[in-house]
Amino acid sequence: MSADADAAPSVLRVTRDGAVATVRVDRPKANAVDPAMIEEFLRVLPPLAEDPEVRCIVIIGTGRFFIAGADIAVMRDLSDANQARMRRWIDVQRVIELAPKPVVAALNGHALGGGAELSLACDVRILSSTGTFGFPEITLGLFPGAGGSQRLPRLVGPHLARRLIIDGEILPPPRALELGLVDAVVDAAAFTESVAAEARRLAEKPTAAVGLLKRVVDAGRDLPIEDALAHEERGVFELTRTADAAEGLQAFLDKRPAKFAGR
């Protein structure tokens with residue numbers, strides 16, 4: 001970790017509400033990404049991902065922005081060394097993608113560029129009615145090169161992904177929802193409580209199964225079907241040894257709600 005990252009003030013606020021941990025980004029004016037923020041995410045997220053008492057993680061911004069994208073003042077340095085530091089944003093996304101529990105992108109405002117990229121690694125994306133979503137990098141002579149050019153085609157298909165990236169259009173909430181870029185659009189007045197309710201609902205899921213599902217899907221998505229099914233088989237047999245699987249099946253037989261423990 002760089003000395004600059006060590007000296008930088010904290011821009012992430014972590015709070016806990018039962019089994020839900022919320023990571024709030026607060027870097028005025030637009031929550032733009034710089035190397036210090038990246039390193040802080042890499043310090044904050046892994047312990048939450050590994051903590052069995054945390055059963056859902058929410059990432060949210062502050063003010064009008066979720067995350068506006070990369071800090072342009074930093075990106076002006078086009079050296080390989082600086083670009084490599086900024087590209088560690090993909091490491092943050094992999095922590096999210098591989099977390100053995102649901103991760104919610106609470107898009108409280110504008111989710112652009114690197115902010116949209118981060119959200120694509122999350123399991124659920126909820127967009128405020130006052131927010132927007134898009135990849136405007138092309139207007140700077142760039143393309144979304146910290147995960148976006150690879151995750152977006154996997155989400156919406158290569159043709160639409162290319163169009164969205166080439167056009168660089170900043171999408172209003174209804175259009176983002178229509179294209180499947182977000183899972184829900186919520187009125188701004190109800191946004192905080194709606195996100196909290198969804199996070200509580202997800203935290204009650206059998207996170208042992210959720211974690212294994214995420215791992216199996218990630219491992220198998222680019223493999224031939226036979227190899228992917230082998231990954232699935234290993235996941236199934238691992239899952240059958242979990243307490244959550246035993247509880248879910250017994251609860252069904254007992255005609256009662258299951259009480260999952262995440263193990």
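What ³J(HN,Hα) values, in whole Hz, does the Karplus curve 6.51 cos²θ - 1.76 cosθ + 1.60 give for the range 104-117 when θ = phi - 60°, with x put for Gly and Pro?
9, 8, 8, 7, 5, x, 6, 10, 10, x, x, x, 5, 4
Taking the chain as a Gaussian network, Cα atoms linked when under 10 Å apart, which of Val103, Val216, Val182 shows the biggest mean-square fluctuation?
So, out of Val103, Val216, Val182, the one fluctuating most is Val216.
Put a dot 7 Å past each Cα toward the Cβ at Val156 and Lys29; how far apart are the dots in nm?
It works out to 2.8 nm between the two label points.
Using +1 on the beta carbon of Lys and Arg, -1 on that of Asp and Glu, and nothing else charged, what's the dipole of the chain about the Cα centre, debye to 20?
Around 400 debye, computed over the chain.
Pairs of Cα atoms under 8 Å, at least six residues apart: use those to get the relative contact order of the chain, whole percent.
16
Calculate, in whole percent, how much of the Cα-Cα pair population of the range 207-254 lies beyond 17 Å.
Everything past 17 Å amounts to 38 percent.
Identify the GluC sites (Glu not before Pro) of the range 1-84 meeting these criteria: DSSP loop state and at most 16 other C-beta atoms within 10 Å of the C-beta.
Glu53
If you average the alpha carbon positions of the range 114-177 and of the range 233-263, how far apart do those two centres end up, in angstrom?
36
Using amide H atoms built 1.01 Å from N in the peptide plane, name the residues 5+ places from Asp17, or on other chains, whose amide H lies under 5 Å from its own.
For Asp17, whose amide H was placed from the backbone, the distant partners under 5 Å are Thr22.
Tell me, what is the Rg over Rh of the chain, with Rh the Kirkwood radius over Cα pairs?
Taking Rh as the inverse mean 1/r over Cα pairs, Rg/Rh reads 0.98.
Find which of Met75, Leu249, Thr62 sits farthest along the positive direction of the dipole of the chain, computed with +1 on the beta-carbon of Lys and Arg, -1 on that of Asp and Glu, about the Cα centre.
Comparing the listed Cα positions along the dipole, Leu249 ranks first.
Name the residue, out of Pro100, Pro136, Pro28, whose mean-square fluctuation peaks in a Gaussian network model built on the chain with Cα pairs under 10 Å.
Pro28
List, in order, the whole-Hz ³J(HN,Hα) value for each residue of the range 213-218 obtained from phi through the Karplus relation with A = 6.51, B = -1.76, C = 1.60 and θ = phi - 60°; use x for Gly and Pro.
My calculation for the range 213-218 gives 4, 4, 5, 5, 4, 4 Hz in order.
With the crude spin-label approximation of a point 7 Å out along Cα→Cβ, what separation in nm comes out for Leu78 versus Arg201?
Result: 4.7 nm between the two label points.
Between rounded, prolate and oblate, where does the range 165-263 land on the alpha carbon gyration tensor, with a ≥ b ≥ c its root eigenvalues, rounded for a/c under 1.5, else prolate if a/b exceeds b/c?
oblate
Given Pro144, Gly235, Ala105, which one lies farthest toward the positive end of the charge dipole of the chain, if we put +1 on the Cβ of every Lys and Arg and -1 on the Cβ of every Asp and Glu?
Result: Ala105.
When the label point is put 7 Å from the Cα of Ala258 along its Cα-to-beta-carbon vector, which residues of the range 197-215 have a backbone N closer than 20 Å?
Those under the cut-off are 198-215.
Please check: in the Gaussian network model of the chain (C-alpha springs, under 10 Å), which one of Phe143, Phe41, Phe65 has the largest mean-square fluctuation.
Comparing Phe143, Phe41, Phe65 in a Gaussian network model of the chain, the most mobile one is Phe143.
Points 7 angstrom from Cα along the Cβ direction at Thr240 and Ala184: gap in nanometres?
In this crude spin-label approximation the distance works out to 3.5 nm.
Computed from the coordinates by the stated procedures, all read-outs in this text should not be read as laboratory data. Everything quoted here is computed from the prediction, not taken from an experiment. Here Cβ is always computed from backbone atoms with ideal geometry, including for glycine, and neighbour counts include all displayed protein chains.
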